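The values are calculated or read from the model by the stated rules, or taken from the named source; none is laboratory data. All values derive from a computational prediction rather than experimental measurement. Neighbour counts are summed over all protein chains in view; Cβ atoms, including those assigned to glycine, are modelled from backbone coordinates with ideal geometry.
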Amino acid sequence: MKVVVTGAAGFIGSNLVAALNRAGVDEIVAVDVPDEGAGLENLADLRVADYAPRGVFYARFAQGAFGKVEAVLHQGACSDTTASDTGYVMHNNFELSRQLLEGCVRQGTRLIYASSAATYGSSRTFTEKPESENPLNIYGLSKLRFDQHVREQLGCGGAAQARQVVGLRYFNVYGPREQHKARMASVAFHHFHQFQDSGTVRLFGAYGGYGPGEQSRDFIHVDDVVAINMWFLEHRDVSGIFNTGTGRAQPFNDVALTMVNTLLARQGRPSLSLEEAVRAGRIEYIPFPEDLHERYQCFTQADLQALRRAGCEHDFMDVQTGVARYAEALART
C-alpha cells in the first residue's frame, strides 16, 4: 500500500509516518521535507520510499506522477494561529488542499486531512455543524473554508462521494516530535523547558471570566490523534468531518501541575497540590497578552457524538496520563 503523508517532517506528520512503519507500511511518499534545519530530525529514524518538496508535490500529484496511491494523510499547512498574511494562509490551507482533493478524486485516492478546532473560534458548542463555527483568526477561517468545500463535494452527489474523504478537527495536540515548532509548540512542551530552566512554569492569569490558569481546552496526546487517523485509514467506508479531541475540557492548571509533579517525582520530591505549587513558586501567572484579546479560545471541548456514531470507540488519555507520559519522554531525550 502506497501512502502519501504531507507535512511528513512536522509534528503530527512524522508521528503518522512512525505509526505507518509500525503497521508495516514503508511505501510512503514524504512531502514537505525541509531542505535544512527544523524538522529533519523527525524523519531520521523513520522509513519512507520517496521524498517530494511541497513546492512541486501538488502539481505533480495532480498529474499522477506518483502512480497508484491508496491514501493521502494531509497534514501540511500553515499552522500559525497568529499569522496575518491572508493570501499566504489561504493559499497553503485552502487552495493547495482543494487542488489535492481534486487530484484524489481523479485518481481514486482516499483523503484524510487535518482540519482544526480553530474553526469553532468563539463558539460555546463544538459539534461539526455550521451553527457552531465562528473562527477568530485567519488560520481558523482557512481551515473552515476547506471543510465547507469538502461538505459541498460530499453533499452534491459528485465524484467525491465514491471515495473516502475525512476531515479531522484536531483540538490541542501535544506530544513527541514537536520540538521544531518553537513558539507554536504545545503548552506542555513549553512547561517542560520552563521547569528545566528555572523550576517554574508560567500560565496566563485571569481572562474571559476565568480565574488564573482556569481557561480550559481539550488537550489531546498525539498518540490519540494518530490512532484516529489510523482508524479511518482502516475504515475506508466512512467519510465526513469529525472532531479529534478527548471530549474532556481541562484547565491549563492541570497541564502545569501534572508537568511539575512528574518532574518533581523524577527528583525524588513529593507531589504538590495546585495551591502548594503556586505558593512554592512552581507555577506562576502572568498578565494575559493584549494582542490575544478577542482572538483567544478560553474553552474548547470536542463533541464526540459523530465519531462514536461512525463506530470509533477509541479511549482517549486525560491530561494527567498524557502529559505525564510526555514529560517522561522529554526527560529521556
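Could you go through region 90-112 and let me know if any residue there is closer than 28 Å to residue 56 by Cα and part of a loop (DSSP other than H, G, I, E, B). Yes, the conditions are met somewhere in region 90-112. Filtered by the rule that a residue be surrounded by 20 or more Cβ atoms within 10 Å (Cβ to Cβ) and more than 30 Å from residue 284 (Cβ to Cβ), region 220-261 gives 226, 228, 229, 232, 233, 239, 241, 242, 243, 244.
Let's see how each residue does on (1) acidic (Asp, Glu); (2) within 14 Å of residue 143 (Cβ to Cβ); (3) surrounded by 21 or more Cβ atoms within 10 Å (Cβ to Cβ):
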| site | (1), (2), (3) |
| --- | --- |
| 67 | no, no, no |
| 75 | no, yes, yes |
| 85 | yes, no, no |
| 93 | no, yes, yes |
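Number of residues in region 68-96 that are at pLDDT 95 or above and either within 21 Å of residue 20 (Cβ to Cβ) or outside the structural domain of residue 235 (by TED's automatic domain parsing) (or both): the value is 8.
Of the residues making up region 222-239, those that are acidic (Asp, Glu) and touching a residue at least 40 places away in the same chain (Cβ under 8 Å) are 223, 224, 237. Where helices (runs of 4 or more DSSP H) sit wholly within region 263-333, those with at least 3 residues that are surrounded by 13 or more Cβ atoms within 10 Å (Cβ to Cβ) and assigned by TED's automatic domain parsing to the domain that holds residue 195 occupy 274-279. Could you check, for region 204-221, whether at least one of its residues is in a helix (DSSP H, G or I) and without any contact (Cβ under 8 Å) to a residue 60 or more places away in the chain? So far as region 204-221 goes, no, none of its residues is in a helix (DSSP H, G or I) and without any contact (Cβ under 8 Å) to a residue 60 or more places away in the chain. May I ask you to verify whether residue 200 is touching a helix residue (DSSP H, G or I) at 6+ places or on another chain (Cβ under 6 Å) and among the polar types (S, T, N, Q)? Answer is no for this residue. Where the second residue is in a loop (DSSP other than H, G, I, E, B) and surrounded by 14 or more Cβ atoms within 10 Å (Cβ to Cβ) and the first is of a type in the set (A, V, I, L, M) and lies in region 81-95, which pairs have Cβ atoms under 6 Å and are six or more apart or on separate chains? As it stands, the answer is 89/78; 89/83, since those pairs meet every condition given.
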